[in-house]
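The values are calculated or read from the model by the stated rules, or taken from the named source; none is laboratory data. Quantities reported herein were computed from a predicted structural model and do not represent experimental measurements. Neighbour counts run over all protein chains shown; Cβ positions are idealised from the backbone, glycine included.
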Amino acid sequence: MKLERFRRIVTRMFPKHSAWTCLSLTTWIGWAWYLGRSRDIFSSVNDVSAGTGAGDGASDSVVPDTVVPESASAESAARESARESKAEAAELLSAVGAIGRVARRALRSSAEAQALPPGRSELLRLAARQPGISVADAAHELRLAPNSVSTMVSKLTADGLLIRGRADSDGRSVRLEVSPAGAERVAQWHDIRAEVAGRALEEISEPDRQAIRAAIGALRRLAEQMEAE
């Protein structure tokens, strides 16, 4: 429709020109009109795009940061604290275990120590710390089965290191006491271990000695807490 309109206008404007010339002019004017309209369209599209981009930028600038719920933040902090505590506990147990291994080697290598298997030596030291302890309580303290503790009690009694008595209340419950020979053996072990640790303490720096001295109470409380778990 637009092209036909242009053709009539061109024919009235140039009546003396040939139809071919008028058609050429009409075609040229039509393309010029189309290209002009295209530039307007493109310009409008670019303006809209630019406006949208600016709007997006403005929108980005006002979007608030993601808010983490307080409960989720607390749970994350609790998990992180638990991981840190577990890592610290692993380092502590590794250090304490190394000290224990050195002390046990010192006992085994000493001709005077007359070392016993670890289970029996632990039971004998426990009976020395808690005179009159029952077999059931000793099994609980050592985290061993009662029948295993009963077997060790029999061997220590046969060696003359432990005495099995009876409770005054009912006369049936077995109570454990160290014999004089057992007490001497435990004291001997203590002396050897203390001597080895004492020599090592003399060789380390004073700040390290103070740190170890300050940690003794905390380590005892940690042991009590672990027993209560």
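For the range 130-156, what are the residues that are hydrophobic (A, V, I, L, M, F, W, C) and closer than 15 Å to Pro118 by Cα? Steps first, answer last, please.
In the first step, residues of the range 130-156 are kept if they are hydrophobic (A, V, I, L, M, F, W, C); the result is 133, 135-136, 138-139, 142, 144-145, 149, 152-153, 156.
Result: Ala138, Ala139, Leu142, Leu144, Val149, Met152, Val153, Leu156.
Return the residues of the range 85-128 that are of a type in the set (D, E, K, R), at pLDDT 90 or above and in contact with a helix residue (DSSP H, G or I) (Cβ under 9 Å, 6 or more places away or on another chain); say none if nothing qualifies. Correct list: Arg120, Glu122, Arg125.
Gly165 - would you say it is free of Cβ contacts under 8 Å to residues at least 40 places away in the same chain, part of a loop (DSSP other than H, G, I, E, B) and more than 26 Å from Val102 (Cα to Cα)?
So Gly165 fails the test.
Which residues, taken from the range 90-141, are surrounded by 11 or more Cβ atoms within 10 Å (Cβ to Cβ) and not in a helix (DSSP H, G or I)? Listed by number, the residues that qualify are Ser110, Ala113, Gln114, Ala115, Leu116, Gln130, Pro131, Gly132, Ile133, Ser134.
Taking the options Ala106, Ala128, Ala158, Ala167, name whichever one is within 27 Å of Ala200 (Cβ to Cβ) and more than 38 Å from the chain's Cα centre (by Cα).
None of the other options fit; the residue is Ala128.
Mind counting the residues in the range 176-211 that are assigned to a strand (DSSP E or B) and at pLDDT below 90? Going through the range 176-211 one residue at a time, the tally reaches 0.
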